[in-house]
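Q: Below is one structure. I have some questions about it.
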Amino acid sequence: MDKPRQINFWQKWRKVISALFLVAALAALWVMAAPSSERTLRVDVKDLVIASVQQGIFEDVIPLRGEVMPFRTLYLDAIEGGRVEKIHLEDGATIEEGAAIVDISNTRLQLESITREAQVSEQINLLQTQELNLARNDLEHKRNLNDLDHQIAIESQRLARMRPLIKQQLISAAELKETEDNLVYLKKRQQLIREAREVDQALQAAQMKQLRDSVTSLNNNLTFARTNLASLNVKAPIAGRLTAFNLEPGQSLMPGERFGQIDDPDHFKLMAQMDEFYMNRTRVDQTALAKVDQQEFPLRIKKIYPQVIDGQFRVDLVFTSAQPANISRGQTLQLRLQMGANEPAQLIPNNSFFQDTGGHWIFVVSADGKRAYRRDIKLGRRNSQFIEVLAGLNINERVIVSPYTTYNDIDFLKIY
């Protein structure tokens, strides 16, 4: 007779346990295969430049290339333009003050000068005529007043003799009255002539002032025209070296056209281009050093030009003591501009990563050198070699300082 089969625990639950193991295995595979939220990239260590954070002295200086320029340059312009008649000197010549450089002719300016001279002569003649008329008119008033003074004196004496006679009835009252009326008339006429003289003098004085002002203005215009006419014969206003001078006889020059310049041959300055990053830290009188033939020459910033062109602005530097011997215009000198004090700081190399990150973050390499994680940092001053670390990094930590162009948006790197 058959016996009932005994079923153990494994036989009873093996299907369930197998299914659970299968589900767990599938879940583990899914977790391993699922994409991570972090963006990763595999890079070859040979393509990286890795540096350590170091403690050192930050030298707040930047290197510059300064172009030698004349300390003083005076430009030669054709004020009124014209035609080149005669050239006295050649480009590059050393000239003394007052030396003739070029003669220019300008027919319009010559005719204008002649016309203004005629206008001045006409106004002067008119002024002299007016002065003569004023003198004649004043003389006529004086003559009339003199005649009236004489007539008034005669009538006054006559009236004085007639008044005693009227009491003796030797003359009539009508004769006395006629003499008195005549005397009153003469005095009124005298007063009118005096008033007319004063009015004429005031009017003619105003006319004379106007004429004199007109003559003065015309003389000023004539002086200006003569000055412009004299400027056609160009002479050296200062001593120096004539440069950028390439005129030919018969050449026409436009008004205001520049045809040359005179450079100071003995004193120079340096013109340097600086990155706009340093504009807010650049000040007049900041010091710099130029090294020439193993000798250093101190300089200072004399002028800062605020215009930024292609990410750079210009500064002019002058020597504060002796300048190098045998330097010439256009020569380039190496400079070190002192931006601030030299102080202890945490330093990392000034490399290409800064242009890609702006100095806001950096990849920090793990201790085993197999990974690099993105970390926010704060950087300070820069010079040609190092960047000052203000926050975010520790001494001896290793960072990637090579360009980040291909992994600018990556969160961490796998290094192999």
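Q: Select from the stretch 315-331 the residues that are surrounded by 12 or more Cβ atoms within 10 Å (Cβ to Cβ) and not hydrophobic (A, V, I, L, M, F, W, C) and write down the one among them that is modelled with the highest pLDDT.
A: Among those residues, the one meeting the criterion is Asp316.
Q: To continue, here is another question. Being in a helix (DSSP H, G or I) and open to solvent by less than 50 Å² (accessible area, probe 1.4 Å): is that true of Asn125 here?
A: In short, no.
Q: Give me a count of the residues in the stretch 350-365 that are at negative phi, at pLDDT below 90 and open to solvent by less than 40 Å² (accessible area, probe 1.4 Å).
A: Residues flagged as at negative phi, at pLDDT below 90 and open to solvent by less than 40 Å² (accessible area, probe 1.4 Å) within the stretch 350-365 amount to 3.
Q: Now a separate question. If I ask for residues that are among the acidic types (Asp, Glu) and under 45 Å from the mean Cα position of the chain (by Cα), which ones from the stretch 44-61 would you list?
A: Passing the criteria: Glu59, Asp60.
Q: Now a separate question. Identify, please: which residue in the stretch 286-295 is more than 19 Å from Ala341 (Cα to Cα) and surrounded by 10 or more Cβ atoms within 10 Å (Cβ to Cβ) and is, among those, farthest from the chain's Cα centre (by Cα)?
A: The residue in question is Gln295.
Q: Additional query: Restricted to the stretch 293-326, and to residues that are in contact with a Pro (Cβ under 8 Å, 6 or more places away or on another chain) and among the polar types (S, T, N, Q), which residue is nearest to Glu276 (Cα to Cα)?
A: Only one residue fits best here, namely Thr320.
Q: What do you reckon, is Gly369 small (Gly, Ala, Ser) and over 17 Å from Ile50 (Cα atoms)?
A: No; evaluated as a whole, the condition is false for this residue.
Q: Filter the stretch 299-314 for residues that are within 28 Å of Leu242 (Cβ to Cβ) and out of contact with any Phe, Trp or Tyr (no Cβ under 7 Å at 6 or more places or on another chain); which is surrounded by the fewest Cβ atoms within 10 Å (Cβ to Cβ)?
A: Among those residues, the one meeting the criterion is Lys303.
Q: Taking only the stretch 380-416 into account, find how many residues are out of contact with any Phe, Trp or Tyr (no Cβ under 8 Å at 6 or more places or on another chain), aliphatic (A, V, I, L, M) and under 30 Å from Leu337 (Cβ atoms).
A: So the count comes out to 5.
Q: Something else now. Any idea which of Ala118, Ala135 is among the hydrophobic types (A, V, I, L, M, F, W, C), closer than 30 Å to Ala78 by Cβ and open to solvent by 40 Å² or more (accessible area, probe 1.4 Å)?
A: On inspection, the qualifying residue turns out to be Ala118.
Q: Any idea which of (1) over 30 Å from Ile262 (Cβ atoms); (2) in contact (Cβ under 8 Å) with a residue 12 or more places away in the chain is the one Glu198 doesn't satisfy?
A: Status for Glu198: all satisfied but (2).
Q: Then there's this: Filter the stretch 401-416 for residues that are among the β-branched types (Val, Ile, Thr), farther than 11 Å from Asn350 by Cα and crowded, with 19+ Cβ neighbours inside 10 Å and give the result.
A: The one that is among the β-branched types (Val, Ile, Thr), farther than 11 Å from Asn350 by Cα and crowded, with 19+ Cβ neighbours inside 10 Å: Ile415.
Q: Among the residues of the stretch 217-227, is there at least one that is over 30 Å from Glu85 (Cβ atoms) and either in contact with a Gly (Cβ under 6 Å, 6 or more places away or on another chain) or surrounded by 12 or more Cβ atoms within 10 Å (Cβ to Cβ) (or both)?
A: Yes, some residue in the stretch 217-227 is over 30 Å from Glu85 (Cβ atoms) and either in contact with a Gly (Cβ under 6 Å, 6 or more places away or on another chain) or surrounded by 12 or more Cβ atoms within 10 Å (Cβ to Cβ) (or both).
Q: Name every residue in the stretch 53-107 that is open to solvent by less than 10 Å² (accessible area, probe 1.4 Å), part of a loop (DSSP other than H, G, I, E, B) and over 30 Å from Gln334 (Cβ atoms), in order of residue number.
A: Hit for the stretch 53-107 is Gly81, nothing else.
Q: Also, I was wondering about something else. Scan the stretch 329-353 for residues that are in contact (Cβ under 8 Å) with a residue 60 or more places away in the chain and part of a loop (DSSP other than H, G, I, E, B) and jot them down.
A: The answer is Arg329, Gly330, Gln331, Met339, Gly340, Ala341, Asn342, Asn351.
Q: Say we look at the stretch 18-52 and pick out the residues that are among the charged types (D, E, K, R) and open to solvent by 100 Å² or more (accessible area, probe 1.4 Å); which of these is modelled with the lowest pLDDT?
A: Among residues in the stretch 18-52 that are among the charged types (D, E, K, R) and open to solvent by 100 Å² or more (accessible area, probe 1.4 Å), the one modelled with the lowest pLDDT is Arg39.
Q: Inside the stretch 169-199, can you point out the residues that are among the hydrophobic types (A, V, I, L, M, F, W, C), touching an Asp or Glu at 6+ places or on another chain (Cβ under 8 Å) and either open to solvent by 50 Å² or more (accessible area, probe 1.4 Å) or farther than 24 Å from Asp138 by Cα (or both)?
A: Leu183
Q: If Asp368 satisfies all but one of (1) open to solvent by 30 Å² or more (accessible area, probe 1.4 Å); (2) acidic (Asp, Glu); (3) in contact (Cβ under 8 Å) with a residue 24 or more places away in the chain, what's the number of the condition it fails?
A: (3)
Q: Working carefully through the options Arg258, Arg283, find the one that is of a type outside the set (S, T, N, Q), open to solvent by 90 Å² or more (accessible area, probe 1.4 Å) and touching an Asp or Glu at 6+ places or on another chain (Cβ under 8 Å).
A: After ruling out the rest, the residue left standing is Arg258.
Q: Which of the residues that make up the stretch 378-399 are modelled with pLDDT of 90 or more, open to solvent by less than 20 Å² (accessible area, probe 1.4 Å) and either within 30 Å of Arg65 (Cβ to Cβ) or touching a Gly at 6+ places or on another chain (Cβ under 7 Å) (or both)?
A: Ile387, Val389, Val399
Q: Among the candidates Leu111, Leu76, which residue alone is hydrophobic (A, V, I, L, M, F, W, C) and modelled with pLDDT of 85 or more?
A: Testing whether each residue is hydrophobic (A, V, I, L, M, F, W, C) and modelled with pLDDT of 85 or more leaves just Leu76.
The values are calculated or read from the model by the stated rules, or taken from the named source; none is laboratory data. Note that the structure is a prediction, hence the values are computed from the model and not measured. FYI the Cβ positions are ideal-geometry reconstructions off the backbone, even for glycines, and counts take in every protein chain you see. Surface accessibility is based on the protein's heavy atoms, side chains included, excluding ligands, DNA and RNA. Shrake-Rupley method; radii C 1.70, N 1.55, O 1.52, S 1.80 Å.
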